[in-house]
Amino acid sequence: MYTHPLRDQIIAEVHARPFQQISAPLALLQVAILHDGEPQEAVERRVRELATSEGFELEAGGNGFFFCRQGQRALRYEPHSEFYSLTLYRFGETEAPELPGSWSEQLLGAFLCGVEVLFRSEAADFDSWAEVHFNAGLPGASQVNGSDVMGQAAALRTNFRVRSDNGYNRVLVQEKGGMTLFQAGRLLQRICEIETYRHMALLALPLALETMPMVSRLDQQLADVVERIAEPDSDAAQLLQELMALAAQVEGLSAHTANRFSATEAYFALVDRRIAELRESRIEGLQTVEQFMERRLDPAHRTCRSTGERIERLSQRIGRSTDLIRSQVDLSIENQSRDLLRGINHRARSQLRLQAKLESFTVIVVTYYAFDLIDRTLRNVVVDEALETRASFLLSASVPLIALGLYWYVRRLLKGYDKDEE
């Protein structure tokens with residue numbers, strides 16, 4: 001027995017993104033950055049260099065996820081297939097941390113979204129605290145959303161708005177008692193993941209809006225081609241060529257959008273799952289996170305899904321139309337083959353009829369040779385002249401019988417060849 005070469009990797013994957021033990025008060029900032037063509041190795045190497053320059057101690061030779069703490073601050077790096085996230089923690093206070101120094105210019109990739117989570121212990125002025133942060137009641141202020149979460153062990157408030165001062169969304173969380181350190185860590189991580197995954201899911205929306213008119217145009221072109229299929233004077237070869245051109249465009253469109261739309265479905269599923277894991281309890285007068293996402297994200301989700309399904313259905317319709325034209329072409333070829341065989345059969349019957357018409361000439365010739373052969377035989381065999389004369393007379397009288405016998409024999413040989421078989 002030997003150890004499977006992937007055993008260590010499989011074991012490590014189970015613990016690749018552990019929840020942190022967190023207690024209030026605490027503030028964190030998480031940013032999600034798309035790779036945007038940058039190699040993951042280069043991204044991780046740059047993140048480690050920046051973390052080391054800020055005084056964080058990292059494990060030598062490590063790769064992938066890491067969490068390091070230095071005093072009252074901590075850094076968490078989490079790689080994903082399309083993006084990576086950086087989470088900065090500030091323990092002991094509720095003032096959100098900022099990206100150090102020139103990290104914004106030195107980090108590789110394209111910034112997508114960021115969220116600040118302020119987590120504090122239980123207090124009586126939570127709603128007032130939320131009004132201060134979200135400017136509730138002021139002109140231009142947005143609606144505050146919130147609920148009790150984790151079985152009413154904590155309360156949550158946010159407006160899902162990007163702040164004008166730093167470009168991040170802000171979420172306020174207050175402990176209400178009964179949460180363990182790991183539960184608090186799971187709650188804050190789920191909040192960050194909801195913010196990140198909803199932005200990743202919406203990456204497909206601009207692509208869907210751009211693709212929809214193209215799909216409609218191709219759909220109309222296909223409808224025009226299908227209408228021409230039923231026309232009696234339609235050129236099947238031309239129609240088939242047009243369908244092939246349409247199929248090439250649709251397949252190119254599918255190749256361009258399929259990965260993004262399938263990833264969007266996965267991200268929307270993750271958002272729904274993370275929201276369900278919050279275990280929200282509705283508060284009268286406030287819209288829950290689930291209600292907000294259902295109202296604001298569901299139309300975008302349906303648009304992306306509808307676009308992908310329309311492309312798939314269009315491809316299937318082109319396939320069915322192509323099969324229809326091919327069936328017409330096959331039927332036309334069969335008709336041509338039938339006509340060709342019918343012509344060949346007609347010519348063969350004509351030849352047989354001509355041969356049957358020549359039977360009489362054949363009978364006459366054979367009768368002549370038969371009569372001559374018998375006559376010469378009688379002359380050589382019969383010595384008596386009177387008997388020879390009588391035999392010659394009988395032979396001459398039997399010429400019609402010989403002709404009829406030969407005619408009957410020839411007709412028997414050719415019987416049925418001049419008839420049209422069904």
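In this label model, Arg317 and Ala269 are separated by 2.8 nm, measuring between points 7 Å along each Cα→Cβ vector.
Relative contact order of the chain: 14 percent, from C-alpha pairs under 8 Å at least 6 residues apart in sequence. The spread of Cα positions in the stretch 81-180, taken along each principal axis and listed from longest to shortest, comes to 42, 39, 26 Å.
Computed from phi, the 3J(HN,Hα) profile of the stretch 361-378 under the Karplus parametrisation 6.51, -1.76, 1.60 (θ = phi - 60°) reads 5, 5, 5, 4, 5, 5, 4, 4, 5, 5, 4, 5, 5, 5, 4, 5, 5, 4 Hz, with x in place of Gly and Pro.
What residue among Ser23, Ser396, Ser142 has the largest mean-square fluctuation in a Gaussian network model of the chain, using Cα springs under 10 Å? Among Ser23, Ser396, Ser142, the largest mean-square fluctuation in the Gaussian network model of the chain belongs to Ser396. Near Phe66, the amide H atoms lying under 5 Å from its own belong to Tyr77; only residues 5 or more places off or on other chains count, and H is placed 1.01 Å from N.
Quick check on the chain: what are the equivalent-ellipsoid semi-axes from the Cα gyration tensor, as sqrt(5λ), descending, whole Å?
Calculated on Cα positions only, the semi-axes equal 99, 26, 18 Å.
Legend: P(r) of the stretch 1-152 from all alpha carbon pair distances, 10 Å bins from 0, whole percents, reading 9, 32, 31, 20, 7, 1, 0, 0. Surface composition of the chain: carbon and sulfur make up 53 percent of the accessible area, probe 1.4 Å. The string of couplings for the stretch 57-63 from the Karplus curve (6.51, -1.76, 1.60, θ = phi - 60°) is 9, 10, 5, 5, x, x, 8 Hz, one whole number per residue in order, with x for Gly and Pro.
On a per residue basis, the chain carries 59 Å² of accessible surface, using protein heavy atoms and a 1.4 Å probe. Shown are His133, His4, whose ranking by accessible area with a 1.4 Å probe and every protein chain present, most to least, is His4, His133. Largest mean-square fluctuation among Ile283, Ile333, Ile275, in a Gaussian network model of the chain whose springs join Cα atoms under 10 Å apart, belongs to Ile333.
Computed over the alpha-carbon pairs of the stretch 5-74, the distance histogram in 10 Å steps reads 14, 42, 37, 8, 0 percent, short to long.
Once the other residues with Cβ under 12 Å from the Cβ of Arg120 are scored (Lys, Arg +1; Asp, Glu -1), what is the net sum?
Values: positive: Arg157, Lys176; negative: Glu93, Glu95, Glu122, Asp125, Glu175.
That works out to -3.
Annotation: extensible slack from Arg46 through Ala237 equals 62.9 nm (criterion: 0.36 nm per residue apart, minus Cα-Cα distance). Close amide H contacts of Tyr168 (hydrogens built in the peptide plane, cut-off under 5 Å, sequence separation of 5 or more or a different chain): Arg163. For the chain, a Gaussian network of Cα nodes joined below 10 Å ranks Asn169, Asn380, Asn159 by mean-square fluctuation, and the top entry is Asn380.
3J(HN,Hα) along the stretch 308-323: x, 5, 5, 5, 5, 5, 4, 4, 5, 5, 4, x, 5, 5, 5, 4 Hz, from the Karplus curve 6.51 cos²θ - 1.76 cosθ + 1.60 with θ = phi - 60°, whole Hz, x for Gly and Pro.
In a simple Cβ point-charge model (Lys, Arg +1; Asp, Glu -1; nothing else charged), the chain has a dipole of about 1040 debye relative to its Cα centre. Every Cα-Cα pair of the stretch 129-240 was included, and the share exceeding 18 Å stands at 69 percent.
The values are calculated or read from the model by the stated rules, or taken from the named source; none is laboratory data. Since the structure is predicted, the reported quantities are computational estimates derived from the model, not experimental observations. We place every Cβ from the backbone using ideal geometry, glycine too, and count neighbours over all the protein chains shown. Keep in mind that these areas ignore ligands, DNA and RNA; they rest on the heavy atoms of the full protein, side chains included. Shrake-Rupley method; radii C 1.70, N 1.55, O 1.52, S 1.80 Å.
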